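Working notes for the structure below.
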Amino acid sequence: MLRKGFLKPKISISKLGKGQFWTGIIIGVVISFILNYFLNYSREALRLFTFLADPYILTEKEFRIYDIFFTCFSTSIGFGFTIIYWLRGRNVNIKKNYLKTFTITNSLIVTFISLMAVSRIGSILPITLYGFHGYDNHLDILKDFWLLLVLIPLYIFFTNWNSIKLIFRTKNWVLISILFYCLTVFYLYKTTTVNREILNKGYYTHNKERFEYIDREIKKAKSLDIYFSDTTKQILQKRYAERTTNLVQKTKKAFKKGSIVSLDTLLLQKIIIHNMNDEGFGWYRYRRDDKDKNWPYPLPEEVYYQILKHDIDSPEIKVLFGILNEQTSLFTAKVINWGNWDSYSVYEREKSMFKKRLFFSTQTIQGRLIQVIKELKTNKEYEKYYYLIPEFEFQNDDGNQDYFELELTGANNG
């Protein structure tokens with residue numbers, strides 16, 4: 001025989017309590033707003049940690065994806081707190097108090113575990129991984145784990161509804177709540193974004209000379225029918241990423257093979273030297289007789305032998321002279337007057353520090369470069385390129401440099 005009350009009551013505002021229902025809605029929406037602001041500002045604060053190495057720079061599309069996830073996640077968490085408030089206290093319409101306790105406990109567990117999981121994943125990447133030299137976005141959440149960004153908010157939302165169904169018959173309330181959920185997400189997305197350009201602008205301003213140089217050289221390359229992809233441009237803009245250090249090593253090795261180096265590699269090499277990228281091994285990996293191995297670029301004589309392999313009017317010749325020009329600029333960089341620090345650009349300061357490291361970590365590169373320049377200037381065929389290779393005096397103030405005598409001949413020409 002069926003007992004009275006075996007059927008679950010239909011959920012309604014009167015069953016929950018009018019005051020409790022509307023207060024729960026307000027609490028949920030307010031928590032959604034607060035959490036969404038917190039997540040957006042936390043993202044920017046955590047991105048600041050990545051500036052210790054190559055900063056985590058998001059495209060506008062990637063920003064939008066994260067903004068949508070934050071709004072969906074925040075709204076789902078807010079809905080969890082709404083459920084908790086709806087069911088708190090005594091309610092004569094809920095006959096089985098153990099189910100009410102279970103539903104509240106379930107909402108609390110799902111809500112706080114989700115918050116902890118997102119907080120941990122969102123913080124551990126920028127604090128630990130992105131700060132390492134060599135990290136190159138190997139763990140790409142947007143590319144490899146995008147489904148998580150969809151499933152987490154949906155799981156929180158529907159898990160809360162499944163718990164409510166143990167107590168009430170929901171009928172059309174789920175559909176109505178989905179509509180309200182979407183409206184809240186849309187409103188949060190439009191009203192609670194933060195200014196994410198502050199960090200980006202600071203980064204681009206800091207690297208203005210480097211980035212403008214990359215843009216100019218890529219534009220010049222197009223006039224030579226050499227086209228670099230956006231990915232290559234991003235690799236050149238980075239300094240410590242694995243793909244960047246690999247590119248430095250690859251271009252250096254190309255000069256050691258003895259064969260003609262392609263024009264696109266020459267152009268990349270010129271940019272790499274100008275922007276002072278290195279191989280990522282550390283400046284003092286080699287010592288004593290092997291110190292010149294710390295030099296992250298082709299040896300001056302290797303550039304010289306490449307010049308001998310090309311016709312005088314070929315585009316490769318001008319780029320090769322440009323490479324020698326960039327190498328020369330490293331050894332002739334301005335000495336910074338620390339009393340007038342602000343009068344120098346960021347690039348000039350970096351170049352001055354780079355010069356000091358070169359004089360300490362290399363041994364014969366400076367002398368080799370001087371001899372190559374003198375040798376080229378004895379050949380009148382290259383007269384129109386002389387302006388690219390200014391002569392400079394050998395410096396050895398710290399006693400770390402040796403003048404190694406080169407035997408420069410045309411023997412490797414061919």
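Worth pointing out:
- Modelled spin labels at Gln20 and Thr231, positioned 7 Å past Cα toward Cβ, are 5.8 nm from each other.
- Percent RCO, i.e. relative contact order, over the chain, from Cα pairs under 8 Å lying at least 6 residues apart: 15 percent
- Simple spin-label estimate for Ile198 and Leu52 in nanometres, 7 Å along Cα-Cβ: 2.1 nm
- Computed from Cα atoms alone, the Kirkwood hydrodynamic radius reported for the stretch 102-171 is 14.4 Å.
- For the chain, the alpha-carbon radius of gyration amounts to 1.47 times the rule-of-thumb value 2.2 N^0.38 Å expected for a compact globular protein.
- Applying a length cut-off of 24 Å (Cα extent along the axis) and a mean Kyte-Doolittle floor of 0.0 to the DSSP H helices of the chain leaves 18-49, 60-87, 97-124, 146-164, 173-191, 315-331.
- Placing unit charges on the Cβ atoms of the charged side chains and taking the dipole of the chain about its Cα centre, the candidate lying farthest along the positive direction among Asn396, Tyr227, Phe331 is Tyr227.
- Where Rh is the Kirkwood radius over Cα pairs, Rg/Rh for the stretch 207-388: 0.95
- Computed over the stretch 13-201, the convex hull of the alpha-carbon atoms projects to a mean area of 11.3 nm².
- Only the Cβ atoms of Lys and Arg (+1) and of Asp and Glu (-1) were treated as charged; on that basis the dipole of the chain about its Cα centre amounts to roughly 4020 debye.
- Size descriptors for the stretch 210-278: radius of gyration and Dmax over Cα atoms are 11.5, 32 Å.
- Between the beta carbons of Ile260 and Ser123, assuming R0 = 56 Å, the FRET efficiency works out to 0.65 to the nearest 0.05.
- Stretching Leu179 away from Gln395 to a fully extended chain increases their span by 70.4 nm, per 0.36 nm per residue minus the current alpha-carbon distance.
- Using the Cβ-Cβ distance between Thr105 and Asn340 with R0 set to 56 Å, the FRET efficiency works out to roughly 0.30.
- Here the contact order of the stretch 13-201, divided by its residue count and restricted to Cα pairs under 8 Å and six or more residues apart, works out to 36 percent.
- As a length-normalised measure over Cα pairs under 8 Å and 6 or more apart, the relative contact order of the stretch 207-388 settles at 23 percent.
- Point-to-point label distance, Phe404-Trp161, nm (Cα→Cβ direction, 7 Å offset): 7.2 nm
- Across the options Gln269, Ile152, Leu166, the greatest Cα extent toward the positive end of the charge dipole of the chain (unit charges at beta carbon of Lys, Arg, Asp, Glu) belongs to Leu166.
- Sorted peptide list for 77-83, 184-190, 197-203, 143-149, criterion being average Cβ within 10 angstrom, highest first: 77-83, 184-190, 197-203, 143-149
- Amide proton proximity set for Ala241, modelled H, under 5 Å, gap of 5+: Gly134
None of the figures in this text is laboratory data; all of them are computed from the coordinates on show. The model shown is predicted, which means the values in this text are computed figures rather than measured ones. Cβ coordinates were reconstructed from backbone atoms using ideal geometry, including for glycine residues, and neighbour counts include every protein chain displayed.
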